[in-house]
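What follows is calculated from the coordinates using simple rules that are stated; it is not laboratory data. Everything numeric in this text was worked out from a predicted model, so none of it was measured.
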Amino acid sequence: MNQADKVMEMTVTTLVRSIGIQANLKGYRYLRSAIVCAARQPELLDSITSIYKRVAEMYNTDSCNVERAIRYAVELAYFRNPDAINNFFNYPVGKPTNSEVIALASDNIRIWADKENSRGGSAFFV
C-alpha cells in the first residue's frame with residue numbers, strides 16, 4: 001500500500017468514525033470500502049448496487065449482505081447519536097440512506113483531495 005492509499009484510508013476511517021459508525025461492525029468495513037470506491041470512481045454512484053457488488057467481491061460475500069450490514073451500521077449510529085449524522089450532513093436529515101452516506105462521504109473525500117492537490121499536499125488521486 002503506497003502513501004496515498006494510507007492517507008485515503010486514514011481520512012475515510014476518520015470520517016466514518018466521526019459519524020458514529022462502530023469499528024466492530026461488518027458494516028464499518030464495508031462502508032469504508034464503499035466510500036473509497038465511490039471517491040475513486042464517482043460514476044459508480046449512479047448505481048449503488050454496483051458499489052455493493054464491488055465491495056462484496058472484495059470481502060467474498062454477496063451484495064445483499066453488504067447492503068444490509070451498511071444499513072444496520074448507519075441505523076445504529078443514527079439511533080445512538082442523531083446529532084453526529086445531522087452535523088455530517090449540515091442539516092437535519094432523519095435517518096439517512098446508505099447511498100446518501102456513501103455519496104456525501106465520497107464527495108467530502110474528493111473535495112479534501114482536491115484541496116490537498118492544490119496546496120501541493122499528498123492527496124491520493126493520480
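With runs of 4+ DSSP H residues as the only contributors, calculate the mean residue ellipticity of the chain at 222 nm using -39,500 (n - 2.57) per run, divided by the residue total and rounded to the nearest 500.
-23500 deg cm²/dmol
Less than 20 Å apart at the alpha-carbon level, and either on another chain or at least 8 residues along: which aspartates and glutamates does that give for LYS95?
GLU67, GLU75, ASP83, ASP107
Straight-line reach from LYS115: which lysines have Cα under 27 Å away, leaving out those fewer than 8 places along the same chain?
The reachable lysines, counting only those whose Cα sits under 27 Å from LYS115, are LYS6.
For the chain, what class follows from the C-alpha gyration tensor (a ≥ b ≥ c being the square roots of its eigenvalues): rounded when a/c is under 1.5, otherwise prolate if a/b is larger than b/c, else oblate?
The shape class here is oblate.
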